[in-house]
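Throughout, read-outs are computed from the coordinates displayed, never taken from laboratory work. This structure is a prediction, so every number in the text was calculated from the model and none was measured. All Cβ positions, glycine included, derive from the backbone under ideal geometry; neighbour counts span all protein chains shown.
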């Protein structure tokens, strides 16, 4: 297979357009900075909390519709052991956005937090919040790595471009426009990328559906006589696992900084809600082409194509089924258009992860812990350096593909089993405190570790009901164990928070043992002699306490 020169030219044009858009957005950001009288970080990280509604919808959607979204849906639909019913991403994401809009957007937006970790730092102090930031930062670095891996594999199939080159070029472009303009650059390039994703995928669909090597997908959807009915089934004994995967995707996304970066950049709570609801519809529409690609691939006689036998599934290439289908079932120029969709999806997610991690480090660690007196100019450089460091680290990890998979799986599970219950408690339960958060954190980690993970060879010390071999003979937890761990973690936080309050409020332990100062933090809310000089509730109090909290 020779190097696809026309395809390279098209990709070069695409990258130049994206880079140009990012540079234009950075110039817009600088003009805003000159007129801005508030915190300079709000311009870089949150676009001055005044992002355009349409742009906000596009950037939130593009963040979720990444390379994993497009390739993963096609893979699950094509995989004969799974099928479309296991291609869960679009529907759980609707749940994510509706729950985020109805419940999480209001407390985050109305308190004018800078990042998702601000309420933790305000309520629990620096020590515990720093511990919780680490998994979030690691997850973002691995998000960058996994998106680049998916792009590298796709380009290698369609363009015959060396894996290393495609990853480095894409990484450099995303890093440059992200550090130049912050959220403005990320948001406006997301608009271009999302439009390209939508057009590219839907242009490819008619060519795939009418290719001469595949049967009509309506005939292969449920046909038991066909070797791989692409709709798939969920057996009764698999229902617990399906539910667990659904909840992981639906609720785990609510514990990502990238989501709240879009919420907090909205000009109001109502705009944040509209952004969430509209994005859910876009995600659903953008998931349909990938399902169709997987369905066509499952209905294809691969022996009649240039790909030949064994099939992609038998060659363990199901994860690359979308680029393989584009390469062997569509004309060359159509496959090049398809690679543009994947590249756009990857970069739209990567830039979000870069800015997300930069936000957490610069705001919650550097500004609030290391150098509280840091100037706006200094913070701008901290953000830029953070973007570069995360981008380089994520790019470097692409050379350790198996290790990245290990940590990526850990990161996804952590966001659901650990971070989600922590976020629920800190936002909605006044009783929660740092003692409960600490014990809940360790209980969740221990339970998740002992539950095992067959994909990384970690044996299960705890065997939940329904523990049995899967279709490939691998011992698997079919019980919704991750959801169970999430509930246990949430209950542990609340229980131990309540117990610790009783211990110190009843004088069972002296206040000198109260290392997290939970009794002192209660006093401003209950002091009957509070005067007008006391810090008020709301955003101003949050900023004041964030600048002074410690532990």
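A simple spin-label model places the labels of residue 303 and residue 98 4.6 nm from each other, with each point 7 Å out along Cα-to-Cβ. Taking a ≥ b ≥ c as the square roots of the eigenvalues of the Cα gyration tensor, the range 377-490 is oblate, since a/c reaches 1.5 or more and a/b is not larger than b/c.
The Rg/Rh ratio for the range 282-326 is 1.04, where Rg is the radius of gyration of the alpha carbons and Rh is the Kirkwood radius.
Over the residues of the chain, the helix contribution to mean residue ellipticity at 222 nm works out to -22000 deg cm²/dmol, using -39500 (n - 2.57) for each DSSP H run of at least 4.
With the cut-off at under 19 Å, measuring from each backbone N in the range 466-495 to a point 7 Å along the Cα-to-Cβ line of residue 242 picks out 466-472, 476-484.
Assuming a ≥ b ≥ c are the square roots of the Cα gyration tensor eigenvalues, decide whether the range 140-182 counts as rounded (a/c under 1.5), prolate (otherwise, with a/b larger than b/c) or oblate. Oblate, because a/c is 1.5 or more while a/b does not exceed b/c. For the range 5-401, the square roots a ≥ b ≥ c of the C-alpha gyration tensor eigenvalues yield an a/c of 1.5 or more together with a/b exceeding b/c, which makes the shape prolate. Ordering of 423-434, 340-351 by packing is 340-351, 423-434, highest average first (other Cβ atoms within 10 Å, averaged per residue). Remark: spin-label model distance residue 231-residue 218 equals 1.3 nm, labels positioned 7 Å along the Cα→Cβ axis.
The angle between the Cα long axis of helix 539-548 and the main principal axis of the chain comes to about 80°, on a 0 to 90 degree scale. Test of understanding: what is the full-extension gain from residue 85 to residue 314, defined as 0.36 nm times their sequence separation minus their Cα-Cα distance? In short, 80.3 nm is gained. The peptide list 508-516, 124-132, 292-300, put in order of mean Cβ contacts within 10 Å with the highest first, becomes 292-300, 124-132, 508-516. At full extension, residue 371 and residue 31 could sit 119.7 nm farther apart than now, given 0.36 nm per residue minus the alpha carbon distance. If the segment from residue 281 to residue 199 were pulled out straight at 0.36 nm per residue, it would be longer than the present Cα-Cα gap by 27.9 nm. Counting neighbouring Cβ atoms within 10 Å and putting the fewest first, the residues 190, 140, 316 line up as 316, 140, 190. If you fit an axis through the alpha-carbon atoms of helix 67-78 and take the longest principal axis of the Cα set of the chain, what angle between them do you get, 0 to 90°, nearest 10? Orientation of helix 67-78: about 50 degrees from the principal axis.
Taking only Cα atoms, what is the 0 to 90° angle, nearest 10, from helix 269-298's long axis to the longest principal axis of the chain? Approximately 30 degrees, to the nearest ten. With a Förster radius of 22 Å, plug the Cβ-Cβ distance of residue 499 and residue 442 into 1/(1 + (r/R0)^6) and report the FRET value to the nearest 0.05. The value I calculate is 0.90.
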